[in-house]
Each structure stands twice: as structure tokens, then as C-alpha cells.
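The values are calculated or read from the model by the stated rules, or taken from the named source; none is laboratory data. Since the structure is predicted, the reported quantities are computational estimates derived from the model, not experimental observations. A quick note on method: Cβ atoms are made from the backbone with ideal geometry, for glycine too, and the neighbour counts reach across all protein chains shown. The accessibility values were calculated without ligands, DNA or RNA, using every heavy atom of the protein model including side chains. Shrake-Rupley method; radii C 1.70, N 1.55, O 1.52, S 1.80 Å.
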Amino acid sequence: MTAPPSNQDVFQAISDPTRRQLLELLADQELPIAALASRFPLSRTAINKHLSVLSHAGLVSARKSGRETRFRLTAEPLAQVKQWMSFFEQYWDDRLVDLKKYVESDVDEQPY
């Protein structure tokens, strides 16, 4: 079974810390809901709801394996986040350059 087409905002899906942790767990391996739920102080139902949000955003896919459903990361939608964040990198770089200039000028002007 594959993830349904993305109909939920990726940014909204990753806004929750539990969902971000789920994505981290699924980054390296495919896991069943029982294994995922055992790592959180939440019910399986709550984890299932989080997985549903991630699935609707296209961030996880699920497949049946016997009696269990196994989930795995589908990282492609995260490219949208990376692209958005890369726009702001220029501001971070500018701020770091400004900070470096400030610190270096301050150090040179201060007596020891």
C-alpha cells in the first residue's frame, strides 16, 4: 500500500514534535505501529493519528505485512521544506558576517 497523494501541508505535518520524532525513527527503517508506539508515552491510537497526518502529507507510506501495517519515510516532500529554508540562508549568512565584523571591531577597540 502506498501513501495517498499529498493533500495536507508538509509544514503543518512536521510542526508537531511527535511527528518529527516519528519521521526520525522511520528514516533508517520500516517499522510497525506497535514498535513506534512503544517509544512514546502515547496510545497506539494517538500514534496512528500522527501517522495519518504524515501519510496525508505524503511523508510516510504504509504497507501490509501479514497482520501488521509497516510504515516508512517518504522523504521527497521534505524537499519543499528544504527549498523554503534555503531562501533564508542568505539572511543567516549576512547576519553571521555582520556578527563577525562586530566582534572583531569590538575586540580591537577594547583595552585588555
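Within the range 80-96, does at least one residue satisfy the condition of being under 23 Å from ASP9 (Cα atoms), under 18 Å from the mean Cα position of the chain (by Cα) and surrounded by 15 or more Cβ atoms within 10 Å (Cβ to Cβ)?
Scanning the range 80-96, I find at least one residue that is under 23 Å from ASP9 (Cα atoms), under 18 Å from the mean Cα position of the chain (by Cα) and surrounded by 15 or more Cβ atoms within 10 Å (Cβ to Cβ), so the answer is yes.
Is there any pair linking a residue in the range 91-112 that is at pLDDT 75 or above to one that is in a loop (DSSP other than H, G, I, E, B), with Cβ under 8 Å and at least six apart or on different chains, and which?
Qualifying pairs under 8 Å: none.
Among the residues of the range 50-66, what is the count of those that are more than 19 Å from PHE11 (Cβ to Cβ) and not aliphatic (A, V, I, L, M)?
Counting residues in the range 50-66 that are more than 19 Å from PHE11 (Cβ to Cβ) and not aliphatic (A, V, I, L, M) gives 5.
Which residues, taken from the range 53-72, are open to solvent by less than 70 Å² (accessible area, probe 1.4 Å) and in a strand (DSSP E or B)?
Within the range 53-72, VAL60, SER61, ALA62, SER65, THR69, ARG70, PHE71 meet the criteria.
Given the conditions (1) touching a helix residue (DSSP H, G or I) at 6+ places or on another chain (Cβ under 9 Å); (2) open to solvent by less than 70 Å² (accessible area, probe 1.4 Å), which single one is not true for SER105?
For SER105, the failing item is (1).
What number of residues in the range 7-52 are among the polar types (S, T, N, Q) and either part of a helix (DSSP H, G or I) or surrounded by 16 or more Cβ atoms within 10 Å (Cβ to Cβ) (or both)?
Adding up the residues that qualify gives 7.
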